[in-house]
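Here the structure is laid out as C-alpha cells; the discussion comes afterwards.
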Amino acid sequence: MKPSDRSEIAPFYVMEVMRAAETREAAGAEVLHLEVGQPSTPAPAGARRAVAAALETDTLGYTGAAGLPQLRQAIADWYRRRHGIDVATERIVVTTGASGSCVLGFLALFDVGDRVAVLEPGYPCYRNDLLALGVDVVTATVGHETRFRPTVEQLDELGPIDGMIVASPSNPTGTVLPDDDLSAIVAWADRNDVRLVVDEIYHGITYGDPIPTALGHSERVTVINSFSKYFSMTGWRVGWVVAPPPIAAAIERLAQSLTIAPPTISQVAAIAAFDCVEELEANVARYRRNRDIVLAGLEAAGLDRMAPADGAFYAWVDVSELGLDSQELCRLWLDHLGVAATPGIDFDTRHGGDFVRFSYAGSADELSEAMSRLGQWVAAPG
Ligand SMILES: Cc1ncc(COP(=O)(O)O)c(C=O)c1O
C-alpha cells in the first residue's frame with residue numbers, strides 16, 4: 001500500500017551513521033561517537049529520586065493535556081529566576097519534548113498552504129514537520145558572513161511569509177542570537193505579522209554571557225523548549241511550549257486529541273530537575289572543556305572553517321577543502337578511523353555535502369582520541 005503523499009519527507013541520514021556505527025560495534029570494533037546529539041549523562045539525581053518515590057506512592061494516571069499544574073508553575077518560576085520575566089502559566093503547555101512542541105505548535109499556528117521560513121543550516125524536523133502538515137517551506141540560507149545568523153535585510157527579501165522558525169542556540173551551528181539580533185528579528189516579525197517560533201532547546205548550554213529568551217521581547221512569539229538537553233533527559237520525552245494565550249489554548253485542545261497528555265512520570269522528573277542546577281551546571285562545564293578539545297583538535301587538523309560554536313554541543317565544520325562529499329567522508333572516517341560524525345545533508349539540503357557536524361557531548365577521552373585520529377588522517381588521507 002502506498003503511504004500518503006504528505007509522509008514522503010526526507011529520512012534522517014544521521015540514523016544511517018548510527019546504524020553503521022552499531023554494526024561496527026556489534027562486530028567488536030571500536031567507535032568514537034561524535035554523531036549523537038544528546039547528553040551522555042542520565043537525568044539528574046534529584047529527578048531520578050523523585051521518580052523512585054512517585055513509583056511507590058502515585059497512581060501516575062493521565063494528567064491534564066497541558067501538563068501538571070506544578071510543572072507549569074515550575075516552568076514559570078524558572079523564567080522568573082533565569083530571565084526576570086513573568087510568564088502566565090496559562091501560556092505554558094507541557095509536551096512530549098520539543099518535537100511534540102513543534103507538531104502541536106505548528107498545527108496551532110499554521111494552515112495548509114501557509115508560507116513558513118526555516119534557516120539552512122538548521123534542525124531538519126522543522127522543515128519535515130511543516131511539509132507533512134501541508135505548509136510551504138521557504139528557505140533562508142545563513143553562512144559564515146553573518147556568523148550563521150539571519151539578518152532583517154535577508155528576511156525582507158523572502159517575500160510575504162506567514163511564519164518563521166529560528167533556534168538560538170542553533171543545532172547544528174551552535175550560533176547564538178545576541179539580544180540585539182533577537183529583538184530585531186522579533187520586531188521584524190511583529191511588524192510584518194509573521195508568526196515567529198523560537199526554539200530555545202539549547203538554552204543553558206552556552207559558553208559566553210547568559211543569553212536572552214525571545215519571551216522578553218514580545219508576547220506574540222511562540223517559544224519551544226525541552227528537558228532533553230540542559231536537563232539531560234532526552235529519553236523522558238518531556239518539553240514545553242510558551243505561546244500567546246489563544247495559541248496555547250489551541251495547542252492544549254489539539255493535545256487532548258493527539259496525545260491526551262505528556263508522560264506523567266516524566267513530568268514528575270521534570271519538576272524535580274529544576275532543583276538540580278548544580279549537577280546540570282557541572283554538565284555544562286564538561287561540555288565547555290570538551291568544546292576546547294574539539295575546537296583545538298579541528299584547528300590543529302586544519303579544519304578551522306567552522307561556525308561559532310557559542311552554544312549547544314556541536315561544531316559545524318566546512319570540510320569542502322578535503323574534496324569529498326561529507327557523506328562519503330563520514331563513511332570513510334567510520335570505516336578507517338572508527339570515528340562517527342554526522343554528514344551535513346540532514347541540516348542543509350543545498351550545501352550539506354560540504355559540512356560535517358561533530359557533537360562534543362561525549363567523554364573528553366573519546367573526543368581527544370577522535371581529534372588525534374582525524375588530525376593524522378587529514379595529514380595523510382587514506
Ligand atoms: C534544535 C532542536 N530542536 C528540537 C529537538 C527535539 O528535541 P526533543 O524532542 O528531544 O525535546 C532537537 C533534538 O535534537 C533539536 O536539536
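The values are calculated or read from the model by the stated rules, or taken from the named source; none is laboratory data. Note that the structure is a prediction, hence the values are computed from the model and not measured. Cβ: placed from backbone, ideal geometry, glycine included. Neighbour counts: every protein chain shown.
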Answer yes or no: is there a residue in the range 332-341 that is touching a residue at least 12 places away in the same chain (Cβ under 8 Å) and under 21 Å from the mean Cα position of the chain (by Cα).
-> yes
I224 vs. criteria of a type in the set (V, I, T), assigned to a loop (DSSP other than H, G, I, E, B) and either touching a Ser or Thr at 6+ places or on another chain (Cβ under 9 Å) or over 20 Å from T264 (Cα atoms) (or both) = no
Name the pairs: first residue in the range 295-309 and of a type in the set (A, V, I, L, M, F, W, C), second residue part of a helix (DSSP H, G or I), Cβ to Cβ under 6 Å, at least 6 apart or on different chains?
-> A300/G375; A301/L374; A301/G375; A301/V378
Residue that is nearest to the ligand (Cβ to nearest atom), among those in the range 95-123 that are in contact with a helix residue (DSSP H, G or I) (Cβ under 7 Å, 6 or more places away or on another chain) and more than 23 Å from D156 (Cα to Cα) | S99
Residue count, the range 140-181 (criterion: outside any loop (DSSP other than H, G, I, E, B) and farther than 20 Å from W316 by Cβ) | 8
For the range 273-292, enumerate the residues that are over 22 Å from the mean Cα position of the chain (by Cα) and in contact (Cβ under 8 Å) with a residue 60 or more places away in the chain.
-> D275
Condition test on V356, is it assigned by TED's automatic domain parsing to the domain that holds H33, among the β-branched types (V, I, T), within 18 Å of G37 (Cα to Cα) and assigned to a helix (DSSP H, G or I)?
-> no
Give Y202, Y287 a once-over and let me know the one that is in contact with a Gly (Cβ under 6 Å, 6 or more places away or on another chain) and within 16 Å of the ligand (Cβ to nearest atom).
-> Y202
A26 over 27 Å from the mean Cα position of the chain (by Cα) and modelled with pLDDT under 95 | yes
With G61, G67, G46, G97 as the choices, which residue is in contact (Cβ under 8 Å) with a residue 40 or more places away in the chain and within 19 Å of the chain's Cα centre (by Cα)?
-> G97
For V194, indicate whether it is buried (at least 20 other Cβ atoms within 10 Å of the Cβ) and away from the ligand (no atom under 16 Å from the Cβ).
-> yes
Mind listing whichever residues of the range 204-222 are surrounded by fewer than 20 Cβ atoms within 10 Å (Cβ to Cβ), under 24 Å from T95 (Cα atoms) and not hydroxyl-bearing (S, T, Y)?
-> G216, E219, R220
Inside the range 205-220, can you point out the residues that are in a loop (DSSP other than H, G, I, E, B) and within 16 Å of the ligand (Cβ to nearest atom)?
-> I205, I211, T213
Out of (1) over 27 Å from G143 (Cα atoms); (2) outside any helix (DSSP H, G or I), the one E369 does not meet is (2)
Number of the exception - R305 against (1) surrounded by fewer than 18 Cβ atoms within 10 Å (Cβ to Cβ); (2) under 23 Å from F347 (Cα atoms); (3) at pLDDT 95 or above | (3)
Report whether or not D181 is among the acidic types (D, E) and either farther than 23 Å from R6 by Cα or touching a Cys at 6+ places or on another chain (Cβ under 8 Å) (or both).
-> yes
So the helices (runs of 4 or more DSSP H) completely within the range 230-337 holding 3 or more residues that are closer than 22 Å to C102 by Cα are 245-258, 264-273
Hits in the range 11-64 - residues which are of a type in the set (A, V, I, L, M) and either touching a Phe, Trp or Tyr at 6+ places or on another chain (Cβ under 6 Å) or within 16 Å of the ligand (Cβ to nearest atom) (or both) = V14, M15, V17, M18, L34, V36, A43, A47
